[in-house]
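Chemist: This structure is in structure tokens; I'll ask about it shortly.
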Amino acid sequence: MAPNENAAASEPTEELAKDEATTELQKEPAAAAEPQQSAEPETKQSFMEAAKSDALRPFIIISTSYLLFTITDGAIRMIVLLHAYNKNFSALQVAVMFTLYELAGVVTNLAAGAMGARWGIRFTLIIGLCLQLLSYGLLFGWQDDWSKSTAIIYVTIAQMFAGIAKDLTKLGGKTVTKLVTPEEKDTQLFKLVSLLTGWKNSLKGVGYFLGSALLQVSYNLALAVMMILILLALPWAVLGLNKDLGTAKSKNATLSDIFKMDNPNLNLLSLARLFLFASRDFWFEVPLPFFLRSPSCEGLGTTFCGDDGSVCTDGAVCDPIAQVCGNPNTGGGCGGLAMDRVIVGAFLGGYIILYGQVQSWTPQLVTGPLDQTPPNKLTEVFWGVINCAPTLVGFCVLQYSDMFDNYDKDAMTVMLVVVIITFAVIFAINSSIHSFLVVNYASKDKVAVSVGFYYMSNAVGRLFGTIGSGLLYTFVGDEANDFSGNDAVAGLASCFLAGTLSSLLAALITLKIEDQKSGLKCGKCCTIVGREEEVEEEDKDEEEVQEAPKPDPTTSGPLVQSTVPH
């Protein structure tokens, strides 16, 4: 009997293969009449044999292409942002440059879900890689002598193609995990999704660092190296995948099905995802690198430098006309840590790598030991509330601590590192749980459509956070003079507060999801919310006790008296 194609594509381990074999024997009694064939011991597949199998080949090809693409996705953000900072663009202007990158994700995730369902993951993956090549190619045309408005329009359009590419490629990376995992294997699905998502984000962190390091050498070199990485992934996607992989039934492959509100859990999770990712992008993508690059406010516009820029503080420059120390980018504010571009890239890249590795090991190191695997909506609410803490602490320290008023650079650096590392760990756990819940709530024959709708909300959240961060960072805080720019400390503090409110709102929305049957534990011995079956049994016992007949006092008296010896 020829094995079912979907079943074959969903058995990535030897254990699952055994389960399938058992099922097939139960379905075909005739096979039991062949004792010699069934008695043969199964041989364990090597990694290379498994990689060549029909079951794992799509997963390996798509995941590898997705991971290589992710390096270029991280790099393009740092290349554009740091190059724009050096050209004196403000935080809001840079945020605008990313507007179409994020907005394209809103439309793309809707269209990609329908495209993937109708034409398959191979189609969306190839289109995504080609559009990333186009985006990098267009960035070669960014000229130094352009006006700011011309540069903003051009770079925004170039980044639009990168935004489309990211979400088309992401669709394949996310949906393939669902396609290679059986419905009943929720714990394995959680581990597989966490592993892929974690490594994706770790390599994105590598892209952050590579982009900034290569930019330090040459802008054109940075673009060229990233294009080479995309070209390495493209042939495998073209030649190694079945065109029907990930397609849905014809009745589910229409764009109108994306807007069918027949999956309330997925809809609520999508809305929560919007605010979860806004909680990070309100301060991470634009304000944090600008703050790390901005110089101290001390002496800006007041310290005479003549032709000697060495008398200015770190990160400041000597204005050749006024001959006083000034901010090289007044739109970036002052009061930050004045870090070099490579260090900024390493700082942000380190965050992304840590975030990615925590995602990879969340089932084994966090939710597993806490008896929260597979997670449910209560697990996400628990970690979503905890996600508010780091940014709230960051806001309070920036707003009220003396270390920023006195410009204690060492203390400022330590505080930011602690806040960012803590947030990276907690946010990674939240993101890992979210990534599992979306594929768990999605129906298998509509997985591409469902994941596309979910990541549309992810793109809306990033857009909301990016634009909001540009506005807050640019306009919150007083400007001392024309040579300093606004107070970056006040700007970053406001961004941290906005992130805290977004985290809290995401947790409150998640409470509305109907997925609490398994309860919530915090270790083997601590139950926060009991399983619904246990709660129902306790309620039933209480009702039985309350409904039990009470003894009649008129008859119980004599009975009692009769038992007392005289």
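The values are calculated or read from the model by the stated rules, or taken from the named source; none is laboratory data. If you're wondering where the values come from, they're calculated on a predicted model, not measured in any experiment. Reconstructed Cβ throughout: ideal geometry from the backbone, glycine too, with neighbour counts over all protein chains shown. With ligands, DNA and RNA removed, areas are computed over all heavy atoms of the protein, side chains included. Shrake-Rupley method; radii C 1.70, N 1.55, O 1.52, S 1.80 Å.
Chemist: Taking a ≥ b ≥ c as the square roots of the eigenvalues of the Cα gyration tensor of the range 341-428, is the shape rounded (a/c under 1.5), prolate (a/b larger than b/c) or oblate?
Modeler: Taking the square roots of the gyration eigenvalues as a ≥ b ≥ c, the range 341-428 is oblate.
Chemist: Carbon and sulfur atoms: what percent of the 1.4 Å accessible area of the range 318-401 do they account for?
Modeler: Answer for the range 318-401 is 69 percent, counting heavy atoms of protein chains only.
Chemist: Given R₀ = 56 Å, what would the calculated FRET efficiency be for Asp145 paired with Lys512, taking r from the Cβ atoms and rounding to 0.05?
Modeler: According to the calculation, E is roughly 0.55.
Chemist: Using the structure shown, list the pairs from Lys170/Lys512; Lys170/Lys377; Lys87/Lys204; Lys148/Lys409; Lys170/Lys521 with a Cα-Cα distance above 29 Å, or answer none.
Modeler: Violating the 29 Å Cα-Cα cut-off are Lys148/Lys409; Lys170/Lys521.
Chemist: Please work out whether the range 350-390 counts as rounded, prolate or oblate from its C-alpha gyration tensor, where a ≥ b ≥ c are the square roots of the eigenvalues and a/c under 1.5 means rounded, while otherwise a/b larger than b/c means prolate and anything else oblate?
Modeler: Oblate.
Chemist: In whole Hz, with x marking every Gly and Pro, tabulate ³J(HN,Hα) for the range 392-404 from phi via Karplus 6.51 cos²θ - 1.76 cosθ + 1.60, θ = phi - 60°.
Modeler: Running phi through 6.51 cos²θ - 1.76 cosθ + 1.60 with θ = phi - 60° gives 5, 4, x, 4, 5, 5, 4, 7, 10, 7, 6, 4, 7 Hz.
Chemist: Each label point is 7 Å from the Cα along the Cα-to-Cβ direction; what then is the distance between the points at Asp307 and Asp410, in nm?
Modeler: So the two model labels end up 3.8 nm from each other.
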